[in-house]
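Rule-based calculations on the coordinates, nothing more; no lab input. Remember, predicted model here, so these are calculated numbers, not experimental data. Because the Cβ atoms are built from the backbone with ideal geometry, glycine has one as well, and the counts that use them run over all protein chains shown.
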Amino acid sequence: MLPEAKLLIDGVLRGATGGKTYDNIGPWTGEVVGKAADASAEDVSAAIAAARRAFDQTDWSTRHAYRLELVKKYRDLLVANRDKLVEIVRHEVGSAIGAAQSAQVSGALEGANGLIDAFPLVQWEENRGRRRMYGVDSERIVVREPMGVAGAITPWNVPLYVNVGKVIAGLLAGCTMVLKPAPDTPLSGSIMGELAVEAGIPKGVFNVVTASDPVMAGEMLVTDPRVDLITFTGSTGVGKRIMEKGGPTLSWGANRQTSSSMTPRTSP
């Protein structure tokens, strides 16, 4: 049996409101391989509120060197727990051992390394000098800053690979996050929360919600005005629904970031 997948909300690993859980089914046999916290709408709202507070009321978004050191520690814990990660994806995803060790886990860890290596190349502020146009002199300064609260919605296939890619990138950028893994692979998301606590990621900066309902938590993230950005990997149909549901709160923030897998919704 795998460990129970717990929620991470405002720095606390816990069960769902009311103690509700659901079965984690292993694809190899169709049998139960563990339990997962079954988040309520109240739990999801609490996770969003925690991420919003952490972005608005702390200096997480501006302490670049601090973020880098914490994310390096987080990456080191992922590496140290490699065997545990392999076991999770073997039994939860139904991955053959060779694929579990390589693409599922090693690929995720290598991706984290690549993001960390790229971080020092980011120019957070760039002075492009003075330019005269239409008879007016303008001082041009480019400032790169995080979008705000990011909701990450991830699929059941190669879940750790996708979770690590979204979470490490988002934290390095200075976003605060709510990760919603697929109902079929809750522990591949919950383990990210467990190790984040161990790494010392500040409370509210990273949150994880697991739920048996495939729609509820995702739709809350997409429609809640406290969430500034949705990063989604999955089917075209769900992507269209995210665009549809997120459209009413889309603002000028959409012009600040372009990505094939990210749909900005509101400015911070």
Check whether at least one residue in region 205-221 is surrounded by fewer than 22 Cβ atoms within 10 Å (Cβ to Cβ), of a type outside the set (Ser, Thr, Tyr) and without any contact (Cβ under 8 Å) to a residue 12 or more places away in the chain, and report yes or no. yes
Mind listing whichever residues of region 1-24 are in a loop (DSSP other than H, G, I, E, B) and either surrounded by 20 or more Cβ atoms within 10 Å (Cβ to Cβ) or over 18 Å from the mean Cα position of the chain (by Cα) (or both)? 1, 2, 3, 4, 6, 15, 16, 20
Test residue 96 against the stated conditions and say whether it is of a type in the set (Gly, Ala, Ser) and without any contact (Cβ under 8 Å) to a residue 12 or more places away in the chain. yes
What is the one condition in (1) over 17 Å from the mean Cα position of the chain (by Cα); (2) assigned to a loop (DSSP other than H, G, I, E, B); (3) closer than 28 Å to residue 213 by Cα that residue 39 does not satisfy? (1)
Could you please let me know if residue 27 is in contact (Cβ under 8 Å) with a residue 60 or more places away in the chain, under 14 Å from residue 194 (Cα atoms) and part of a loop (DSSP other than H, G, I, E, B)? no
Quick one: how many residues across region 161-186 are in contact with a Pro (Cβ under 7 Å, 6 or more places away or on another chain), aliphatic (A, V, I, L, M) and farther than 18 Å from residue 44 by Cβ? 2
I'd like the full set of residues that are of a type in the set (A, V, I, L, M) and either out of contact with any helix residue (DSSP H, G or I) (no Cβ under 6 Å at 6 or more places or on another chain) or closer than 20 Å to residue 113 by Cβ (or both), limited to region 165-178. 167, 168, 169, 171, 172, 173, 177
Answer yes if at least one residue in region 59-72 is basic (Lys, Arg), in a loop (DSSP other than H, G, I, E, B) and closer than 20 Å to residue 215 by Cβ, and no otherwise. no
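Are there any strands (runs of 3 or more DSSP E) wholly within region 89-200 with 3 or more residues that are of a type outside the set (Val, Ile, Thr) and surrounded by fewer than 21 Cβ atoms within 10 Å (Cβ to Cβ), and if so which? If you could, list the steps in order and put the result at the bottom.
Working: elements: 125-133, 136-143, 149-153, 176-180.
Where strands (runs of 3 or more DSSP E) fall fully within region 89-200 and carry at least 3 residues being of a type outside the set (Val, Ile, Thr) and surrounded by fewer than 21 Cβ atoms within 10 Å (Cβ to Cβ), they are 125-133, 136-143.
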